[in-house]
1. Can you tell me how many residues within the range 30-83 are under 22 Å from SER20 (Cβ atoms) and among the small types (Gly, Ala, Ser)?
2. What is the number of the single condition among (1) assigned to a strand (DSSP E or B); (2) exposed (fewer than 15 other Cβ atoms within 10 Å of the Cβ) that TYR233 does not meet?
3. Are there any pairs with C-beta distances below 6 angstrom linking a residue in the range 148-165 that is closer than 19 Å to ASP194 by Cβ to a residue that is open to solvent by less than 70 Å² (accessible area, probe 1.4 Å) and assigned to a strand (DSSP E or B), with the two at least 6 apart or on different chains, and if so which?
4. Would you say LYS35 is touching a residue at least 40 places away in the same chain (Cβ under 8 Å), open to solvent by 50 Å² or more (accessible area, probe 1.4 Å) and of a type outside the set (A, V, I, L, M, F, W, C)?
5. Looking only at the range 163-170, decide whether some residue is of a type outside the set (A, V, I, L, M, F, W, C) and farther than 29 Å from ILE237 by Cβ.
6. So, of the residues in the range 118-137 that are open to solvent by 60 Å² or more (accessible area, probe 1.4 Å) and assigned to a strand (DSSP E or B), which turns out to be modelled with the highest pLDDT?
7. Assess whether VAL59 counts as being within 14 Å of LEU30 (Cα to Cα) and either surrounded by 13 or more Cβ atoms within 10 Å (Cβ to Cβ) or touching a Ser or Thr at 6+ places or on another chain (Cβ under 8 Å) (or both).
Amino acid sequence: MGRSFEVRKVSMAKTAGQKSKLYSKYGKQLYVLAKNSGADPTANPSLRSLIDKAKREQVPAHVIEKALEKASGGGGEDFSLARYEGYGPGGCAVIVDCLTDNNNRTITDVRNCFTKTSSKLGAPGSVAHSFDHLAVLRFPGDSADQVLEILLGADVDVVDVECEEGQITVFAPATEFNNAKQAMLEAKPELEFDVDEITFVAQTNTDISPADLPMFEKFINMLNDCDDVQDVYHNAILPKE
């Protein structure tokens, strides 16, 4: 126990200028997941969870429906996962997840983000060992013991459960995501999740100095501007204002 939780995953801004990027991100993720494992949300828990997440991010229904219809129709683009790792400004560890139909374009775009901010693109596995790939569920609550009892009773493998400021956070192996979520919903049908995702959680943190902060922000903004970039994970702790 005692794992302090703070999501250090870059989220898309909800400004008008970022909405098209956000919609494209979810459209691509939904298309790939539906094409690879079925476009029926009732028979595909992972797809249903992603749809729920997209709705929470205020992705319009027509964007979701278009992605599912496209996946059901056969053919279409052939996207694959591309993951890049390295060290960003201030020496922070960074993982960049992309969905791409052109690996040469994607690696060029990502490499430019590293090069132009004096960062270092590493080999596969160079920083992933310093992150845990976990299912994370976060929801209102005040009893970690009760939640742990529910999960263990449902034979869910649990890494950690913490309670902080009226919020319960469950950490489980990535493969237990659907099992953990279903167990909680069966025990508490009214439960609404603030976080329900599979993510990278840093094992250690790197403090970013005020001097490195502008370059770090430039680095993150450049990655966000890359069309193929889906998620950026890091272990940076930014200086307090």
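1. Selection size over the range 30-83: 7.
2. Tallying (1) assigned to a strand (DSSP E or B); (2) exposed (fewer than 15 other Cβ atoms within 10 Å of the Cβ), TYR233 fails exactly one: (2).
3. LEU148/VAL161; VAL158/ALA172; VAL159/PHE171; VAL159/ALA172; ASP160/PHE171; VAL161/VAL170; GLU162/THR169
4. Numbers: touching a residue at least 40 places away in the same chain (Cβ under 8 Å): yes; open to solvent by 50 Å² or more (accessible area, probe 1.4 Å): yes; of a type outside the set (A, V, I, L, M, F, W, C): yes.
Judged against the criteria, LYS35 is a match.
5. Applying the first criterion (of a type outside the set (A, V, I, L, M, F, W, C)) to the range 163-170 yields 164-167, 169.
This time we only want the ones that are farther than 29 Å from ILE237 by Cβ, so: none.
No - not one qualifying residue is present in the range 163-170.
6. LYS120
7. Working: within 14 Å of LEU30 (Cα to Cα): yes; either surrounded by 13 or more Cβ atoms within 10 Å (Cβ to Cβ) or touching a Ser or Thr at 6+ places or on another chain (Cβ under 8 Å) (or both): yes.
Considered against the rule, which asks whether it is within 14 Å of LEU30 (Cα to Cα) and either surrounded by 13 or more Cβ atoms within 10 Å (Cβ to Cβ) or touching a Ser or Thr at 6+ places or on another chain (Cβ under 8 Å) (or both), VAL59 comes out as yes.
Let's see how each residue does on (1) out of contact with any Gly (no Cβ under 7 Å at 6 or more places or on another chain); (2) touching a residue at least 60 places away in the same chain (Cβ under 8 Å); (3) open to solvent by 40 Å² or more (accessible area, probe 1.4 Å):
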{"residue": "ILE198", "(1), (2), (3)": "yes, yes, yes"}
{"residue": "GLN203", "(1), (2), (3)": "yes, yes, yes"}
{"residue": "ASP212", "(1), (2), (3)": "no, yes, yes"}
{"residue": "ASN221", "(1), (2), (3)": "yes, no, yes"}
{"residue": "ASN224", "(1), (2), (3)": "yes, yes, no"}
{"residue": "ASP227", "(1), (2), (3)": "yes, yes, yes"}
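The values are calculated or read from the model by the stated rules, or taken from the named source; none is laboratory data. All of these numbers come straight from a predicted model, not from anything done at the bench. Note that we place each Cβ from the backbone using ideal geometry, even for glycine, and neighbour counts take in every protein chain shown. Just so you know, the surface numbers come from the protein's heavy atoms only, side chains and all, with ligands and any DNA or RNA stripped out. Shrake-Rupley method; radii C 1.70, N 1.55, O 1.52, S 1.80 Å.
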